[in-house]
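Worksheet: one structure, shown below.
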Amino acid sequence: MIVYRLAKSTYSTDLSGKGAAKTGGRWNSKGVAVVYTSESRALCTTEIAVHIPLGILPEDFQLVSIEIPASIKVYSLPASKLPENWNSIPHPGGTQELGDWFVRQNKQVVMKVPSAVVQGEFNYL
């Protein structure tokens with residue numbers, strides 16, 4: 001499976017999750033390292049554009065593709081586990097708790113989560 005990551009060129013190939021750990025995000029608390037990726041180039045771009053004034057991506061951003069080997073089992077977060085208003089902006093803390101739980105359990109490498117920006121599409125942490 002190929003997933004996509006859009007980030008400043010300086011950090012585009014950094015898969016440590018340190019950037020997300022510095023500030024936290026919808027699916028992780030501050031201090032919890034995760035890498036946010038999307039199932040398509042379009043979703044990846046949209047996920048970033050909604051956080052940038054006028055939705056115009058700066059030229060110093062780079063889109064990279066990441067191959068997740070077929071041997072890696074992906075955990076799909078069940079819709080029944082999503083907290084109320086999980087897709088609201090700002091996000092509720094319950095989504096961070098789910099992502100933090102996934103990281104702490106340390107059983108699988110990738111978690112599939114629904115996009116809060118485009119209904120019916122998915123991101124991969």
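So here's what we get for this one:
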{"item": "Dipole magnitude (debye, nearest 20) for the stretch 58-104, charges at Cβ of Lys, Arg, Asp, Glu", "result": "320 debye"}
{"item": "Residue among Ala79, Ala33, Ala49 with the largest mean-square fluctuation in a Gaussian network model of the chain, springs linking Cα atoms under 10 Å", "result": "Ala79"}
{"item": "Built amide H within the under 5 Å cut-off of Val34, gap 5+", "result": "Ala20, Ala21"}
{"item": "Under the Karplus curve 6.51 cos²θ - 1.76 cosθ + 1.60, θ = phi - 60°, whole-Hz ³J(HN,Hα) for the stretch 56-67, x wherever Gly or Pro sits", "result": "9, 6, x, 5, 8, 8, 10, 9, 10, 9, 10, 8"}
{"item": "Of the GluC sites (Glu not before Pro) in the stretch 28-125, those whose Cβ has at most 10 other Cβ within 10 Å and which sit in DSSP loop", "result": "Glu59, Glu84"}
{"item": "Amide H within-cut-off set for Phe61, under 5 Å, with H built and near neighbours excluded", "result": "Ser9"}
{"item": "Cα-based Lys pair tally, the chain, threshold under 24 Å, eight or more apart or on separate chains", "result": "19"}
{"item": "Centroid-to-centroid separation of the stretch 1-79 and the stretch 94-125 [C-alpha atoms, Å]", "result": "12 Å"}
{"item": "In the stretch 1-88, the trypsin sites (Lys or Arg not before Pro) that fall in loop regions by DSSP, at most 12 other Cβ within 10 Å", "result": "Lys30, Lys73"}
{"item": "Distant-in-sequence amide H partners of Val110 (H built 1.01 Å from N, under 5 Å)", "result": "Tyr75"}
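Taken together, the values in this text are just the output of simple stated rules run on the coordinates, not laboratory data. Remember, predicted model here, so these are calculated numbers, not experimental data. Every residue, glycine as well, gets a Cβ built from its backbone with ideal geometry; the counts of neighbours run over all protein chains shown.
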